[in-house]
1. Looking only at residues in segment 290-321 that are modelled with pLDDT of 95 or more and among the polar types (S, T, N, Q), which one is farthest from R343 (Cα to Cα)?
2. Output the number of residues of segment 99-116 satisfying the condition of being closer than 14 Å to A141 by Cβ and buried (at least 22 other Cβ atoms within 10 Å of the Cβ).
3. Determine whether G184 is outside the structural domain of E77 (by TED's automatic domain parsing) and not in a helix (DSSP H, G or I).
4. Can you tell me which condition G226 does not meet? The list is (1) under 17 Å from L186 (Cα atoms); (2) in a helix (DSSP H, G or I); (3) in contact (Cβ under 8 Å) with a residue 40 or more places away in the chain, and all the others hold.
5. Go through segment 263-290 residue by residue and tally those that are more than 22 Å from A231 (Cα to Cα) and not aromatic (F, W, Y).
6. Could you figure out which of (1) at pLDDT below 95; (2) over 18 Å from A103 (Cβ atoms); (3) touching a helix residue (DSSP H, G or I) at 6+ places or on another chain (Cβ under 7 Å) isn't true of D163?
7. Looking at (1) assigned to a helix (DSSP H, G or I); (2) out of contact with any Pro (no Cβ under 9 Å at 6 or more places or on another chain), which one does A162 not meet, given that it meets all the others?
8. Residue by residue through segment 43-79, note down the ones that are more than 43 Å from the chain's Cα centre (by Cα) and either surrounded by fewer than 19 Cβ atoms within 10 Å (Cβ to Cβ) or modelled with pLDDT under 90 (or both).
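The values are calculated or read from the model by the stated rules, or taken from the named source; none is laboratory data. Treat the numbers as computed from the prediction; the structure is a model and nothing was measured. In this analysis, Cβ positions are derived from the backbone assuming ideal geometry, glycine residues included, and neighbour counts consider all displayed protein chains.
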Amino acid sequence: MAEQHTPGRGSGRGPSDDPGAVGRRVQRLRAERGLTQRQLAEPSYTPAYISTLEAGRVRPSEAAVRHLAERLGVSYEELATGRPAALATGVRERLVEAQRTLATGAAEDAAASYRALLAEAGRLGLDGERATALLGLGQCALETGDLPAALRHFEAAEKLLADAPLPQRAPAVRGRAVAHLLAGELRYACYLLESAVDELNASGLQDPNALLLLYTASIAPYMDMGAHARAAQAGELALALAPRVSDPELVAGLHRQVARTLIAAGRTAEADASLAKAAEIYQQLQIRTEMAHCHWMRGYVRAQGGDLSGAESELRAARDMLASKRAALYTAQVEVELADVLRRQGRSREAQELLHRLLGELHPDRGSVHAGGAHRLLGLICEANGEREAAEEHYVTALALLERAGAAGDLADICRLLGDLLRGAGRTDAAMDAYRTGLGHRASPGSTTLGPAPVVPRPAPDGAAPETG
């Protein structure tokens, strides 16, 4: 939900009104306030520029309108569009309400508010608020699992902000990357995030909020691809930025994602502490979806430590919270983890029934990594029941799903399981092929995109922007 921060009011654009109208407003307001052209212009502009502007012979830049609005004691929107600032303020207040609805209630309810606000902001010519509404709609679509709609909304927001600085576009980039990640397009998700990070670092626009948002978002696709070293590096860079970030939701998201790298490194106590920090912030902010994600990951930590009863409790809490918000895709993903815990508790029939139901909700274009995980678990259950042919079918399906997504670590594991099954059946050549496939994926877990790892910014003195390395 961190991607819903309101972009800058002007969205990087100059006033949409014609220069004659802007000039007439400047002239009227200047006369009402008894200012000369020189008094209005200084110290940034000349009296001649004001004269030309008032005559309608020049289109003012956003910077010029902001300067003049400040000197005239009005808002940017009022001077640029002629509409009272109260209209824009009302839209912004209702956008905050919609964001709160999304945090605490169902995504469909928030989406209805965002759609109405998108239309109203469009009528008022408020591009920044239109972008915020689109980002909100994208987040709603992620929660409901409508990934094509999420992509459309995030792409529309990014297009609307095309002329804005990259820090303002970063939430839309992050949203697109998450949608591609959930669709199983891990490599492209990494590409989007790495490209934005490199552009920020190379351009000097090293906004700590934007960088932390992008570094944090890159951890999940790196982990799913088996690029654990890159995930850990992204987490370290984000942690270094955290003291310069004032948004608690961004910091909570960082702690939640860093926990994944700690779990992979076997540092479960540290992972649990990191999740506790995130959960505390989400509890204060009353963001139920993110709280559910914390329960989800704590369930995984408990399972890794052998506390299957504790894991089941955490995962059921996560499942119930997500189901109450009608977050269908995330609910299904949690239930895959829950099925594994049930299987490990000896409740294989219960796990099998749950997994078969889930396969109707997960498919190659919607949760392919977890769909692969579901088939893997079904294969394990079938193999334990002596149903070798059914187990092989599930393993092969899981292999195809994970190979399509590029989930290298999971691919190596499923190839090992398939190889062992085939070898046990006396099919040595086929087993060797499966093992070779797994080794091939394990050999290059860090090759995430076409280029090298993201640029690492040099540490900067307090209060200064870091330099690009």
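1. Only one residue fits best here, namely S313.
2. Total satisfying the criteria: 5.
3. Values: outside the structural domain of E77 (by TED's automatic domain parsing): yes; not in a helix (DSSP H, G or I): yes.
In short, yes.
4. The single condition G226 does not satisfy is (2).
5. Kept after step one, since they are more than 22 Å from A231 (Cα to Cα), are these residues of segment 263-290: 280-289.
Narrowing the set further to residues that are not aromatic (F, W, Y) leaves 280-281, 283-289.
Qualifying residue count for the region: 9.
6. With (1) at pLDDT below 95; (2) over 18 Å from A103 (Cβ atoms); (3) touching a helix residue (DSSP H, G or I) at 6+ places or on another chain (Cβ under 7 Å) applied to D163, the lone miss is (3).
7. (1)
8. T46, P47, A48, Y49, S51, T52, A55, G56, R57
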